[in-house]
Amino acid sequence: MTARLVRMSLFVLVIAALAIVPLVSAQEGPQAVGLRFDAPPYALHGPYWVGTTEFVIEDEVRPIPVTVWYPALNPENTEEIVVYNPIVKWTPLPEGDYPVSGHAISGAAPNAADAPYPLVVFSHGFSGFPALYAYLLEHLASYGFVVVAPNHGEFFYFDEDPWRDIPQNSIDRPREILKVIDFAENLTDSSDTFAGLINIEQVAVAGHSYGGYTTLAMAGARYDLEAYNAVCAEAADNPELAGILCETIVPHEEEMRQLAGLDSMPEGLWPSWGDPRVKAIIPMAGDAYLFEEAGLAEITLPMLALGGNVDESTPYLWGARLAYDYASSSQKALVTIESGNHFLFQTECDDIPWLLDMGIFYFCSDSVWDIDRAHDLINHFTTAFLLSVLKGDTDATAALAPDAVAFPGITYEATGF
């Protein structure tokens, strides 16, 4: 080979190597993809890798298991694959593991480059567990939020009185969220691994179903049981509407008063369980009926409410619609998922196949919606909202303006955006 050919060959190799460099660099961060090809902008994977770990909050009432998701380092370009093994509180259940597949890196080192990150506390549905919402909580971490989700203590019983933990749980849940915020503050103040990671001045609470009830309570919504009793009386001839929503609360008001530590039954609104550290809320198909109009009017924080309008567990008019209509928030939005049912907010069946083995496919699917499409939309709205209200992201705020939202199957209302 002549010297000229050698030089030309080396030149070609150098050019080829230079051409590869941008491709390698582009792979250093996570790929910006959604669950479907048509995912809206804020449903695409965020700029951060996602780490996850678990803690137990030691408490005199009961230990509180929590799962944490956070922006993570990933120097080895490890694939985001994890299997959660949650505590499942349905009894009786056969002994064994009940895994949930997820997309995070277990035990990854936190990425402190842009810390501190806002905190999102997530409250699962009644007798659920955090991993039921892994797709969403992982997604929020990818956009620079630290998510802490407690596993609340209530059980669902497969017997003649399956909902008997609701009165106790109704009082315990807001207290547990306060303990979780305290835990997050201590974690960022004193932990070596998570030191300085969490911005405890920017806190949002989100939750699904009875976690939505918990979310509203943390924003300062107050019980109005007199109004609630009147609604239940009107609904007495419609058991499909009232169902457990009245039967599990109305007979237990005195018990709940005692559990709340109140000397006497309040006349009118009960005291607030809100916390001033909470700056925004996201109730998803949230049980708003205990607060009714006057109790919900106590909410002034930015709020994003989501719900399906054929919800058979928390009726739309008792949940998302009620919360949006009566919250006093100057900045609020309502995402109505047309023909959507209650459980489309939960993990899809492919990631939790033992639900199919148990014959409760409805718990991880929807009879109308493609679940990936529903989850992309949920991710989009929740992420844009949190970026807007906790990080002051003007692009995210613009994406929540009513004239910017046009998705088939979504009815959107907003004020203050």
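Only sites in a loop by DSSP and with at most 15 other Cβ atoms within 10 Å count here; which GluC sites (Glu not before Pro) in the stretch 309-417 make the cut?
Hits after loop and neighbour filter: E312, E338.
Compute the relative contact order of the stretch 283-342 as a whole-number percentage, counting only Cα pairs closer than 8 Å that sit 6 or more residues apart in sequence.
Relative contact order comes out at 44 percent.
Please arrange K89, K179 by counting, for each residue, the other beta carbons lying within 10 Å of its beta carbon, fewest first.
With the fewest neighbours first, K89, K179 line up as K179, K89.
Tell me, in nm to one decimal, what length is gained between V250 and S264 on full extension, where the rule is 0.36 nm per residue of separation less the Cα-Cα distance?
Here the answer is 3.4 nm.
Taking every DSSP beta bridge that has both residues in the chain, what percent is antiparallel when rounded to the nearest 5?
Around 45 percent of the beta bridges assigned by DSSP in the chain are antiparallel ones.
For Cα extents along the principal axes in Å, pick the label among [x] 59, 45, 41; [y] 98, 47, 43; [z] 68, 47, 37 that corresponds to the value derived from the coordinates.
Read-out taken from this structure: [y].
Within the stretch 211-271, list the GluC sites (Glu not before Pro) lying in a DSSP loop whose Cβ has at most 10 other Cβ atoms in a 10 Å radius.
E267
Using alpha-carbon positions, what is the distance between the centroids of the stretch 330-351 and the stretch 25-62, in Å?
So the separation of the two Cα centres works out to 19 Å.
Please give the charge dipole size of the chain, origin at the Cα centre, charges +1 on K and R Cβ atoms and -1 on D and E Cβ atoms. Round to the nearest 20 debye.
1860
Select from the chain the helices, each a whole stretch of DSSP H, whose alpha-carbon atoms run 24 Å or more along the helix axis and whose Kyte-Doolittle mean is at least -1.0; answer none if there are none.
Length and hydropathy pass: 3-26, 166-190, 371-391.
Read-outs throughout are calculated quantities, based only on the coordinates presented, and are distinct from any laboratory measurement. Computed from a predicted model, the values in this text were never measured in an experiment. All Cβ positions, even for glycine, are placed from backbone atoms using ideal geometry, and neighbour counts span all protein chains on display.
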